[in-house]
Amino acid sequence: MPSSTPFIDRETGTFDFEQIWREAYPILGLVLLFGILGLLPLYLGAAVTAATGFSSLIGTALTWLGQLILAVGSGIVLMYVIVRAIQLA
């Protein structure tokens, strides 16, 4: 039995856009989740800094929290992509 190539329709030899969407949908969800969660503290940190006129401890802490969320989210998305690629292979 020949191995199937991911994202290629066996009969026509063209891209299987339905499978591509099924694989991209969870990745999109993870990116949006961590993107929104990470940008909220960054926005609040910038707003606090702009309101006070100088870099405050709260603004700095919120900025670091936002960066941490974005870094952890990037790692989780990469782990998902790697695990899914291994499963497809």
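Listed values, structure above:
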{"quantity": "The chain, dipole about Cα centre (Lys/Arg Cβ +1, Asp/Glu Cβ -1), debye to the nearest 20", "calculated": "300 debye"}
{"quantity": "The chain - convex hull of alpha carbons, volume per residue in Å³", "calculated": "86 Å³"}
{"quantity": "Inter-site label distance for Tyr43 and Leu78 at 7 Å from Cα along Cβ, in nm", "calculated": "2.7 nm"}
{"quantity": "Carbon/sulfur fraction of accessible area - the chain, other protein chains in place, 1.4 Å, %", "calculated": "75 percent"}
{"quantity": "Rounded to 10°, Cα long-axis angle of helix 57-88 versus longest principal axis of the chain", "calculated": "10 degrees"}
{"quantity": "C-alpha long axis of helix 17-52 to longest principal axis of the chain, angle in °", "calculated": "10 degrees"}
{"quantity": "Additional length obtainable on full extension of the chain from Leu68 to Arg10, 0.36 nm per residue less Cα span", "calculated": "16.6 nm"}
{"quantity": "Principal axis dimensions, segment 27-76 - Cα atoms, whole angstrom, descending", "calculated": "38, 14, 8"}
{"quantity": "Selected from Phe17, Leu44, Leu78, residue furthest toward positive end of dipole (the chain; charges at beta carbon)", "calculated": "Leu44"}
{"quantity": "Amide proton proximity set for Phe7, modelled H, under 5 Å, gap of 5+", "calculated": "none"}
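The values are calculated or read from the model by the stated rules, or taken from the named source; none is laboratory data. All of these numbers come straight from a predicted model, not from anything done at the bench. Because the Cβ atoms are built from the backbone with ideal geometry, glycine has one as well, and the counts that use them run over all protein chains shown. All accessible areas refer to the heavy atoms of the entire protein, side chains included, with ligands and DNA or RNA removed. Shrake-Rupley method; radii C 1.70, N 1.55, O 1.52, S 1.80 Å.
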